[in-house]
Each structure stands twice: as C-alpha cells, then as structure tokens.
Amino acid sequence: MRYRDENKMQAIRDCAIEMVAKNGLENFGINRLAKAAGVSPATIYIYYKDKEDLLTSISIEEGVKMTRATLKGFDPNASFREGLWVQWKNRAAFSLDNLQAAEFFEQLRNSTYKDKMREAISMEFRKSMGSFVENAVKRGEINEMPLEVYWSVAFAPLYALIRFHNEGQSLDGRKFKFSESIMKQTFDCVVKGLSK
Amino acid sequence: MSACLYNMKTTNHILIFKTNITTPEDRLEVAAVLDQQPFISKWTVDMEDIDCVLRIESAIAATAPIIHLIRSRNYECAELED
C-alpha cells in the first residue's frame, strides 16, 4: 500500500517551484522533476495525476500562502496610512524571503495555472482590500480612482525597489540594497501622492 | 452480488502503471474495461508523459487484475515502481 508522506510531498513541491522559477514551464515535466527531487516518477503520481494537476495545486497553494502573508495583521478598517504601511511591510517581507516563489509567479504569468490560482485567492483578497480602499474613500482620505491607477501608485514603487534589490543595482549600475528607511521614504511619497 | 462488496466509497490504494496509452482513442479502448470495475473510483492517463502513466484510485490493491485487463486490450502495462 502507498501512503502519503508529507515530507516527500514538500520536497516535490519545493523542487517543482525551483525548477519552474529557473527554467520556466516549457521544459518542466514529471520525469525531470522526479530526477531533480530524487524520487521515482511513480511517487509523484501518488500525489498528482499529471503535470497540470501538480502545477495547478502548487500555484494555488503558493497563491494562498502569499495572500495570507500579505494580509497578516492587516485591518481593512485601519486608517489609510496605517493599513497601507502594514501592506508594504508584509509584501516586502514576503517578496524578500520568497524569491523563488516570486520567480515562480512570474513564470506563471499568462498561463492557465495563473488563472486558476487567481480564482482561488481573489475572493478573500478582494474582500479585505476592496473594503480598505472603499473605507479610505468614504473617510475622505483618498479620491476614488480606477484600480490600475491605485495599484500603480500604491504598490508598484515598492516592487521597483524590490527589483532593484534583487538585481543588486538600480539605475546606471548603481549599487542598491533594500532597507526599511528607503522603504519608508518611498512610502511617504506614495501616501502624499494618494492623499487628498 | 460480490460487486457490492467491492463497491466501497473509500479509496485505499493508488496504483501507478507504465503504459503505451498515447492517444484519446487508446484511452477510450481502456475506458471500456476500467469503467466497469466497481473497485476503481477514479482513473487517469497522463498522455503527455513519456511513460503514459495510468493512475488508478482503487478500493483494493488490484495490481495484477488491472495489468491483465489492460493487456487484454492489447496495450502494454507494467507497475511503475517507487
């Protein structure tokens, strides 16, 4: 009889994320994954019925993990400045600690896996985030604006800093290292830009 | 009558086989026999995989009978070992 082994399953998941992050989806396959994870293909098939099943469940799990990390300690009723700062700290911590997951998501962009992941996590995310922005508008802290405008100002600057950090350099090859004070300085500009 | 005994809802065994079921037509051929087995709760074939892995969720450890069933339809079938 075959039993499910959580440690083995975790090793398979970690290895799959690493492989997709490094080499993309095109070269990914169960046999290659088995070789890289040091298990038999049969072992992988105990847990997943095929490549699609495996990538779908891993992307949903990773997406939920990211959502939970992002919403940790976040109160949708907090003031705009306070709530957004919690978001920034959570997002920065997750992105810096989970480089591979970030690369994995990047590879999944535009794939059907990404769509399924989005479906699974968006409900919870939108519920908290949606009411947060709504509350801020109601309280007169920020203006109503299209989601794209909001996101581009509220979060894209943070991800630009994280990208600089991951590449080790910013513009013209200037050395760059992420820090809380740099993040705070950028954050203050963002809040100023969004505030009424 | 005996079929009722095997028709358990729980899946206790996951059986993995290497086959040469490569096309949807092949899949239909084996479906004719697999769908009739009361002890099989779910089965899939990964036709993208080099081993065309047949994965069966079963109430009993029916490895040998399944190999026999698939071979009776003139397909290769061997247990894929851990």
Pair list, Cβ < 8 Å and 6+ apart or interchain, from region A:150-179 residues that are within 23 Å of residue A:81 (Cα to Cα) to residues that are exposed (fewer than 10 other Cβ atoms within 10 Å of the Cβ) and aliphatic (A, V, I, L, M): none
Candidate set: region B:60-82, residues that are within 12 Å of chain A (Cβ to nearest Cβ) and assigned to a strand (DSSP E or B); chosen: the one surrounded by the most Cβ atoms within 10 Å (Cβ to Cβ): B:79
Those residues of region B:28-59 which are loosely packed, with under 15 Cβ neighbours inside 10 Å and either within 14 Å of another protein chain (Cβ to nearest Cβ) or touching a Pro at 6+ places or on another chain (Cβ under 7 Å) (or both), in sequence order: B:42, B:48, B:50
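Filter region A:1-24 down to the residues that are within 12 Å of chain B (Cβ to nearest Cβ) and of a type outside the set (A, V, I, L, M), then identify the one that is surrounded by the fewest Cβ atoms within 10 Å (Cβ to Cβ).
A:3
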First in region A:89-113 and free of Cβ contacts under 8 Å to residues at least 60 places away in the same chain and in a helix (DSSP H, G or I), second anywhere and of a type outside the set (S, T, N, Q) and exposed (fewer than 15 other Cβ atoms within 10 Å of the Cβ), Cβ under 7 Å, 6 or more apart: A:90/A:72
Qualifying helices (runs of 4 or more DSSP H) (wholly inside region A:1-57; at least 1 residues being touching a residue at least 40 places away in the same chain (Cβ under 8 Å)): A:6-23, A:41-47
Failed item, numbered, when residue A:27 is tested on (1) at positive phi; (2) within 14 Å of another protein chain (Cβ to nearest Cβ): (1)
Condition met for residue A:192 (over 25 Å from residue A:17 (Cβ atoms), modelled with pLDDT of 95 or more and among the basic types (Lys, Arg)): yes
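When you go through A:78, A:69 one by one, which is the residue that is without any contact (Cβ under 8 Å) to a residue 60 or more places away in the chain, surrounded by 15 or more Cβ atoms within 10 Å (Cβ to Cβ), more than 14 Å from chain B (Cβ to nearest Cβ) and not in a helix (DSSP H, G or I)? Before the answer, list the steps.
Values: A:69 fails: not in a helix (DSSP H, G or I).
Of A:78, A:69, the one residue that is without any contact (Cβ under 8 Å) to a residue 60 or more places away in the chain, surrounded by 15 or more Cβ atoms within 10 Å (Cβ to Cβ), more than 14 Å from chain B (Cβ to nearest Cβ) and not in a helix (DSSP H, G or I) is A:78.
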Flag if residue A:118 is part of a helix (DSSP H, G or I), among the charged types (D, E, K, R) and free of Cβ contacts under 8 Å to residues at least 40 places away in the same chain: no
Qualifying residue in region A:135-146 (condition: of a type in the set (Asp, Glu) and in a helix (DSSP H, G or I)): no
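Could you please let me know if residue A:166 is closer than 30 Å to residue A:54 by Cα and at pLDDT 90 or above?
Numbers: closer than 30 Å to residue A:54 by Cα: yes; at pLDDT 90 or above: yes.
Answer is yes for this residue.
The values are calculated or read from the model by the stated rules, or taken from the named source; none is laboratory data. Computed from a prediction, not measured in an experiment: that's the story for all the values here. Don't worry about glycine lacking a Cβ; one is built from the backbone with ideal geometry, like all the others, and counts go over all protein chains shown.
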